[in-house]
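These notes are about the structure you will find just below.
The values are calculated or read from the model by the stated rules, or taken from the named source; none is laboratory data. If you're wondering where the values come from, they're calculated on a predicted model, not measured in any experiment. Virtual Cβ from ideal backbone geometry, glycine too; neighbours counted across all protein chains shown. Note: accessible area is taken over every heavy atom of the protein model, side chains too, but ligands, DNA and RNA are not part of it. Shrake-Rupley method; radii C 1.70, N 1.55, O 1.52, S 1.80 Å.
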Amino acid sequence: QVQLVESGGGLVQPGGSLRLSCAASGTASGIYAMGWYRQAPGKQRELVAIMTSGDWTNYLDSVKGRFTISRDENTVYLQMNSLKPEDTAVYYCNARLEVHARNDYWGQGTQVTVSS
């Protein structure tokens, strides 16, 4: 069973920075894609950033230029700069083992709060 362990969430002031980390374990094979989603209270979960094994990336429009996703084997990072209050949400790590996998793996979520 694949497990995702997240770290790095917390409270930060507007304009500040935070780096999230997520380490995957429990699989001997490679992971096709790893990424980050977020969900604020009363809102739908949305894709923030994703990176495939071929280093293809995609970002939510509102975070482009501020957030950067990177991978180191089975660990994915999200560097978040110039944080805004609207970035406040629970951030979830996501992993998909294969392109056509029916189910994804999810981390437990880590709270990011941007407030003065």
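Values computed for the structure shown
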{"item": "Reciprocal of mean inverse Cα separation for the chain (Kirkwood radius, Å)", "result": "14.2"}
{"item": "Carbon plus sulfur fraction of accessible area for the chain, probe 1.4 Å, in percent", "result": "44"}
{"item": "Efficiency of FRET from Cβ geometry, Ala28 and Leu60, R₀ 25 Å, rounded to 0.05", "result": "0.20"}
{"item": "The chain: relative contact order as a whole-number percent, Cα under 8 Å and 6+ apart", "result": "36"}
{"item": "Near-label residues of region 48-89 by backbone N, under 17 Å of a point 7 Å along Cα→Cβ of Ser115", "result": "83-89"}
{"item": "Rounded accessible area per residue of the chain, 1.4 Å, Å²", "result": "56"}
